[in-house]
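Written below as structure tokens is the structure these notes are about.
Just so you know, all these numbers are worked out from the coordinates, no wet-lab data involved. Quick caveat, the model's predicted, so the values are computed rather than measured. So basically every Cβ, Gly included, is an ideal-geometry build from the backbone, and we count neighbours across all protein chains shown.
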Amino acid sequence: MHSYDEPVYLISVVASMLDIHPQTLRQYEREGLVEPSRTGGRMRLYSQRDIDRMKLILRLTRQMGVNLAGVDIVLQLKEQIDQMQEEIDQLRDELSKVNRNGSVHSSKALVATSAYDIVIFED
């Protein structure tokens, strides 16, 4: 079994998996929507992450009617959201460590909501 980010799939295999023409994959690369790895002989190799990204691109274009410029914007926003979520997770971990060390009483430090944690400091 290969890792999620390991480039192992040739363009012909990916095109067959996604039921698209290899030229479509080349166009996605020209548009900067996907960046496959290259072998020493310049052959494109795709990872499972690349394939999942292309599935999202195809869903946006085919099912939602988004053009490639719009897809680029959606993908950029998704990356920003993912980065922000990572930061939130790191801050939650840091806050949890502070609470375990007794620096801030747990009943006063954290109020959990459905998607975010809110830090409340009392005077």
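Tabulated data
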| item | result |
| --- | --- |
| Leading residue at positive end of dipole, segment 20-75 (Cβ point charges), from Leu75, Thr61, Ser37 | Ser37 |
| Interchain or long-range residues, amide H under 5 Å from Leu45's placed H | Ser37, Arg38, Thr39 |
| Qualifying trypsin sites (Lys or Arg not before Pro) in segment 41-102, DSSP loop, other Cβ atoms within 10 Å at most 10 | Arg42 |
| Inter-site label distance for Ser3 and Glu79 at 7 Å from Cα along Cβ, in nm | 2.0 |
| Taking all pairs of distinct alpha-carbon atoms in segment 38-78, Kirkwood radius in angstrom | 11.3 |
